[in-house]
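The values are calculated or read from the model by the stated rules, or taken from the named source; none is laboratory data. It should be emphasised that the depicted structure is a prediction, and the values quoted were computed from it without experimental measurement. Counting neighbours? That spans all protein chains shown, and the Cβs are built from the backbone with ideal geometry, glycine included. Heavy atoms of the whole protein, side chains included, go into the accessibility calculation; ligands, DNA and RNA do not. Shrake-Rupley method; radii C 1.70, N 1.55, O 1.52, S 1.80 Å.
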Amino acid sequence: MAVLGNPKNTIQVIQKYNFDFQKRFGQNFLIDEHVIEKIMKAADLTEEDCILEIGPGIGTMTQYLAEVVREVIAVEIDKNLIPILKDTLSGYSNIIIRNEDILKVDINTLVNEHNQGKPIKVVANLPYYITTPIIMGLFEKHVPLESMIVMVQKEVAERMQVGPGTKDYGALSLAVQYYAEPEIVANVPQNCFIPRPNVGSAVIKLTRHKQPPVKTKDEAALFRMIRASFNQRRKTLINSLRNASDLSYEKEEIEMALRQMELPLTIRGEALNLEQFARLTDILVKEK
Ligand code: SAM
């Protein structure tokens, strides 16, 4: 089977199978070898690696991955792509194709079975409609993970990277930075895909921290606090936290915590960095 990753061979495969693109599955296939090479370089692969590829499509990146690593586990939701993948990847014996919804797969069990529980790498051109649940799911379920190199919508990549004081800063920035070091490795224009997406894309590398950069007594409470603070972005932190249905702090308690941290009582959540959120959580959790 021909190497994919260019318009001619991709179109040939699509025509051979009369494949219908499914918008609901976020199907935009990569047709640019340079972009794939950048992804491969950033992934820093070795022949021992076990890779989880989310949404292999017709197997374009899967071919590149299988050339270098020990094993690729490719999870694809669209059953119409399975016979195509079996064809395009028929020359490789180190690829496992699973026809499943990645959000329903028990990835921890997969990692145990295929990599003896050792950290895997995720490499994917993600379906954009579920970028955040995929990334946060991998982190929150504590999947053994070394890094993720993923194509996402450009704005989402930027949101993951920024700190306080920028309009893109939010719950996603804090959550990602709690677990990993983000680095945008390439901006990818619309014409690198077929069909062309309506938005710009970027490849971001998330390197998992060995230890989170801040310590907190209660990780779950920290994330409830962060989410509540950005739910109503324009409100003061005090009001956002008081209005949150999954938190139960009195105004006076929050005021006391802010005074202890020497922060103004009118401050908004968007002005706090990760360390300050962790400190605030610890003060309030201690109060309970
Ligand atoms: N990797 C291919 C490429 O780069 O050409 C395809 C990338 S395309 C942006 C996203 C892929 O994810 C599609 O193949 C789509 O069918 C698949 N997908 C969408 N939702 C999924 C889900 N919940 N679980 C697994 N795969 C999914």
request  = Within the range 15-51, report the GluC sites (Glu not before Pro) that DSSP leaves as loop and that have at most 16 other Cβ atoms within 10 Å.
outcome  = 47, 48
inquiry  = Quick check: net charge around residue 101, other residues with Cβ under 13 Å of its Cβ, Lys/Arg +1 and Asp/Glu -1?
reply    = 0
query = If you build a Gaussian network model of the chain, linking Cα atoms that sit under 10 Å apart, which residue out of 46, 131, 207 swings the most?
reply = 46
key: Selected from 257, 74, 186 as most flexible by GNM, with the chain as the system and alpha-carbon contacts under 10 Å   = 257
ask   = How big is the charge dipole of the range 145-272 about its Cα centre, in debye rounded to the nearest 20, if each Lys and Arg gets +1 on its Cβ and each Asp and Glu gets -1 on its Cβ?
value = 260 debye
ask   = With every protein chain in place, what's the accessible area of residue 38 (1.4 Å probe, Å², nearest 10)?
value = 110 Å²
note = quick note, the chain, DSSP beta bridge pairs, % antiparallel (nearest 5) is 50 percent
inquiry  = I'd like the carbon and sulfur percentage of the solvent accessible area for the range 165-204, probe radius 1.4 Å, heavy atoms only, ligands and nucleic acids excluded.
reply    = 48 percent
query = How many Å³ per residue does the convex hull of the Cα positions in the chain occupy?
reply = 130 Å³
key: Rg in Å to one decimal, and Dmax rounded to a whole Å, for the range 93-190 via C-alpha atoms   = 14.5, 50
key: Contact order normalised by residue count of the range 224-286, Cα under 8 Å, 6+ apart, percent   = 38 percent
note = Which residues qualify? For residue 98, with a placed amide H closer than 5 Å and at least 5 residues away or on another chain, they are 74, 75, 76
message = Need the list of lysines near residue 104 for cross-linking: C-alpha distance under 17 angstrom, and skip anything on the same chain fewer than eight residues off.
response = 79, 141
